[in-house]
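Worksheet: one structure, shown below.
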Ligand code: GDG
């Protein structure tokens, strides 16, 4: 079995302070690395004044964790700039927020080249390299330029935009050409895959054949949809155990029998947070019986707080939640509990299990793991209802959710009312079908399937 080399912007800590504190994806990649042996390579999270030194290396069993630092200039141009102020907004259809600058593009090229340069000496000829996400679209091309011939795969965690949106990027061709240096490109959904294939055919005149094969730029590669899953069983167990924890008991006590609606998202403009609060406001206006009887708990750990658009969404969210609370709160009931901080995974799992509704309304989302975790956390006998945006990749698998258009605030409020009054029998039926999907396609099946396809050319479903 070949050694596995995982590359991602951030690398999981080599040592964990608390068991159960780590996210599902990072647990899964660790497991893949444990099984194959190999390296996890990425940014240390540190920004230094000087240029890079050698990678810092920590060995844990058969896995080497290797990280490099960024200079302030690289952090500004590559991370804050091109990755999070150009690609992230553009790939989430926010052309209005996307910034296009030669300086940040050059920084992005420079950092991809640096990463390739630092990674190359660590590689063996028989390694299989798996690169994650929009930070490193150019990495394989850089490695190929340095004569690396290993199998290289790429997985995009965020959506791939439709042709007219993607081609607004002045460097669209350079990015796709570089992506085609990989052997396998993985997307979250068929829709993302189709948008990519559409670009290859219509913009470049490439050929899209059977079994995901693409012939373009003198190369042959494959592209497929590999929807990511969650650690379904572990998360369910954690939710059940967490039910008796101090925090969950305190939450339940504070509700005094009221129904709880929960939202959990990084504080990001792609997550549809303002529309969500407005939909909840409309629920209280259109169905006034809910006043005093329903609580909306929105948890928003801060994210990318040094990017200007993230400062704006925080301010806007505080103003909107404050306005709704000001309009509806009573001396013994506050409708929205807006928390700008993070919780342990265990506590979150218990909160999900205690909520009548999981409200997940992104305007665009590659997959959305919160939707799947909410389903995993529900008790089979008395499950809650998932209200889910059609623009989350997860909507393609979670057919038992109430699927909503997040732009239609009144429509979301109607579905919330439907969820609050849904009979137990229907809740169970809907939950069972969603649970089946996330039990079969969990995060282990996801990485195993991807790596099997990359290594052995398995048929793409
Ligand atoms: C990207 C794509 C795609 C959230 N708050 C806390 C916390 N979380 C955890 C959730 C979940 C994860 O973070 C968030 O994952 P999502 O999928 O919802 O969203 P992104 O961060 O945007 O992820 C997305 C994903 O990559 C994977 O491919 O699904 O579309 O955008 O696991 O539970 N975890 C803890 N405390 C918190 O307060 N511990």
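The values are calculated or read from the model by the stated rules, or taken from the named source; none is laboratory data. Source: prediction; values computed, not measured. Here the Cβ is made from the backbone with ideal geometry for all residues, glycine too, and neighbour counts use every protein chain on show.
Here are some notes:
- Of the residues making up region 145-164, not one is away from the ligand (no atom under 16 Å from the Cβ), out of contact with any helix residue (DSSP H, G or I) (no Cβ under 7 Å at 6 or more places or on another chain), farther than 18 Å from residue 219 by Cβ and in contact (Cβ under 8 Å) with a residue 12 or more places away in the chain.
- Residues considered: 290, 340, 300. Of these, the only one that is in contact with a helix residue (DSSP H, G or I) (Cβ under 9 Å, 6 or more places away or on another chain), more than 21 Å from residue 92 (Cα to Cα) and crowded, with 20+ Cβ neighbours inside 10 Å is 290.
- Within region 431-443, not a single residue is within 24 Å of residue 280 (Cα to Cα), touching a helix residue (DSSP H, G or I) at 6+ places or on another chain (Cβ under 9 Å), assigned by TED's automatic domain parsing to the domain that holds residue 277 and touching a residue at least 60 places away in the same chain (Cβ under 8 Å).
- Note on region 318-350: among residues that are more than 27 Å from residue 241 (Cα to Cα) and assigned to a loop (DSSP other than H, G, I, E, B), the one that is farthest from the ligand (Cβ to nearest atom) is 331.
- Any hit, region 282-294, residues being part of a strand (DSSP E or B), closer than 23 Å to residue 366 by Cβ and touching a strand residue (DSSP E or B) at 6+ places or on another chain (Cβ under 7 Å): no
- Matching option when the condition is under 19 Å from residue 351 (Cα atoms) and either in contact (Cβ under 8 Å) with a residue 24 or more places away in the chain or more than 16 Å from the ligand (Cβ to nearest atom) (or both), among 281, 240: 240
- Filter result for residue 142 (closer than 20 Å to residue 172 by Cβ and free of Cβ contacts under 8 Å to residues at least 12 places away in the same chain): no
- Hits in region 378-395 (condition: within 23 Å of the chain's Cα centre (by Cα) and more than 12 Å from the ligand (Cβ to nearest atom)): 378, 384, 385, 386, 387, 390
- Applying the criterion of being surrounded by 15 or more Cβ atoms within 10 Å (Cβ to Cβ) and assigned to a loop (DSSP other than H, G, I, E, B) to the residues of region 232-257, the residue that is modelled with the lowest pLDDT is 243.
- Filtered residues of region 264-275 (kept if more than 10 Å from the ligand (Cβ to nearest atom) and not in a helix (DSSP H, G or I)): 272
- Taking the numbered list (1) under 23 Å from the mean Cα position of the chain (by Cα); (2) under 24 Å from residue 145 (Cβ atoms); (3) surrounded by fewer than 17 Cβ atoms within 10 Å (Cβ to Cβ) in turn, residue 111 passes all entries but (3).
Matching residues to (1) under 13 Å from residue 46 (Cα atoms); (2) surrounded by fewer than 18 Cβ atoms within 10 Å (Cβ to Cβ); (3) within 22 Å of the chain's Cα centre (by Cα):
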residue	(1), (2), (3)
68	yes, no, no
72	yes, yes, no
77	no, no, no
80	no, yes, yes
99	no, yes, yes
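- Failed condition for residue 232, given (1) within 30 Å of residue 452 (Cα to Cα); (2) in contact with a strand residue (DSSP E or B) (Cβ under 9 Å, 6 or more places away or on another chain): (2)
- Here the helices (runs of 4 or more DSSP H) wholly within region 351-461 that include at least 2 residues being surrounded by fewer than 22 Cβ atoms within 10 Å (Cβ to Cβ) and on the phi < 0 side of the Ramachandran plot are 409-420, 424-440, 443-456.
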